[in-house]
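Bear in mind that the values in this text are calculations on the coordinates, not laboratory data. From a predicted model like this one, the values you see are computed outputs, not experimental measurements. No Cβ is skipped: glycine too gets one built from the backbone with ideal geometry, and neighbour counts run over all protein chains shown.
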Amino acid sequence: MVPNSPAAPPATAGTAYRSVAELTGAGLWDQVIDEIDGRRIRIGDRWLVDWASCNYLGLDLDAEIIDSIDAQVRRWGTHPSWSRMLGSPRLYPMIEEQLTALLGAEDTLLLPTISQIHLSVIPALARGGHILLDSRAHRTIYDGCVHARGLGATLTRFRSGNAEHLAELLSALPPGTPALVCMDGVNSMTGNTPDLARFAAVCRDYDATLYVDDAHGFGIIGERAAGDATSYGRRGNAVVRHYGLDYENIVLVGGFSKAYSSMLAFIACSTRVKEHLKITAPPYLYSGPVPTAALATALKGLEVNEVRGDALRDDLHRKTRRVLDHLDGLGVETPNESGYPLVQIPLRNPDDLPAVARTLLERGVYVTLAPYPGVPKDQVGFRIQLTSAHTDEQIDDLLVLLSDLGTPLLRRR
């Protein structure tokens, strides 16, 4: 997915088309993948190492996960074609029960995708009141907020990461005004989290609901305790538990499409909110269901997480640290302060992006590009996503490439 911040100014049609054409020509944009082999991908006759995958735990390649599909498909068919309003295969409540326990929430509701959730749940929770949006929130959150605005809500942005600015805006609202605060958990570009405990406290002070999208955190970060082996915490039960919080005034949105490599998303909320969404959220009422194979791999993924998820996360942390420590030794800037497996690398000159993309392709490296206007000009560069399925030899080669790019092209601290 191309990163996109609603804070970035829109491009003219001409600028956008020229940019996409340049980057497509560089071979790291809008490509058809012909084959995979572990974390290698083939585009045409060229093999590259895939650093653009968000399959953080490597469960897309896990034999135990893959083997779970056949029995469920034979039982349920490929795609039982009811909307959830009409009927849910037993797999849905089985996943919701296990997921609710993992997250430590009162309840959960499964829907197909996070994008669908934002477009339907944000308007349902806003209720025509006031939405306060983190200025760097993911584009799909922004789209949901704009849809809510079209249905009568008022939309205001607060400065990203600035709980004091949020408190100032909330304090200015008329008493009794419904308020919904929308933000990311693990940011999809920087790899960092906000001080969620501080934001949750502000929201409680002003009786606002905090709506958090933790697409990149669920499955990776989780509850913390003394003696944890890494900064990720344990169990991968997402940013709310990572900060030691309960779900009072918090609605958590997450998905299985990244760490769990399955097409499925969820809302963790109170049972009261869940029942409200079952009569107000169009994806529950009208959307086609998630394919059986995705439900099967999500269910098996939860079992695998309980048995060996922490070992996968420990390995992922080790591999991510290798890259971050190498960048630190080179004096190269990255906004990643968390150690989580999203490593954005800005360029000294944003105009160098097509040339850098071609160099990466020539060296057999496939990454996520971050072009303007998807990100501000001072953040143009590329993003590396580490997974537990990457080999140390692949990381060795990546570190050599980063050294070779080095000072002339990568921004220094």
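Which entries in the list LYS278/LYS377; LYS258/LYS278; LYS300/LYS377; LYS274/LYS377; LYS274/LYS300 go over 32 Å, if you measure between the two C-alpha atoms of each? Beyond 32 Å: LYS278/LYS377; LYS300/LYS377; LYS274/LYS377. Only helices at least 15 Å long along their axis, Cα-based, and averaging 0.5 or more on Kyte-Doolittle count here, so list those DSSP H runs from the chain. For the chain, where a helix must reach 15 Å along its axis and average at least 0.5, the hits are 91-103, 114-126. Under 5 Å from the amide H of VAL251 lie the amide H atoms of LEU210, TYR211, VAL212, each residue being 5 or more positions distant or on a separate chain, with H modelled from the backbone and absent for Pro and chain starts. Between amide H atoms placed 1.01 Å from N, distances below 5 Å from ALA389 occur with GLY58, all of them 5 or more places distant or on a separate chain. Taking GluC sites (Glu not before Pro) in DSSP loop conformation with at most 14 other Cβ atoms inside 10 Å as exposed sites, the chain has its longest uninterrupted site-free stretch at 1-247. Note on the range 103-138 and the range 57-83: Cα centroid distance 27 Å, given to the nearest whole angstrom. In the calculated pair-distance distribution of the range 322-413, the portion above 17 angstrom amounts to 45 percent of the Cα-Cα pairs.
Residues with amide H under 5 Å of SER257's amide H, sequence separation 5 or more or different chain, H placed in the peptide plane at 1.01 Å from N; which? Under 5 Å from the amide H of SER257: SER262, LEU264. Checking every one of the chymotrypsin sites (Phe, Trp or Tyr not before Pro) in the range 23-100 against DSSP loop status and a limit of 14 other Cβ atoms within 10 Å picks out TRP82.
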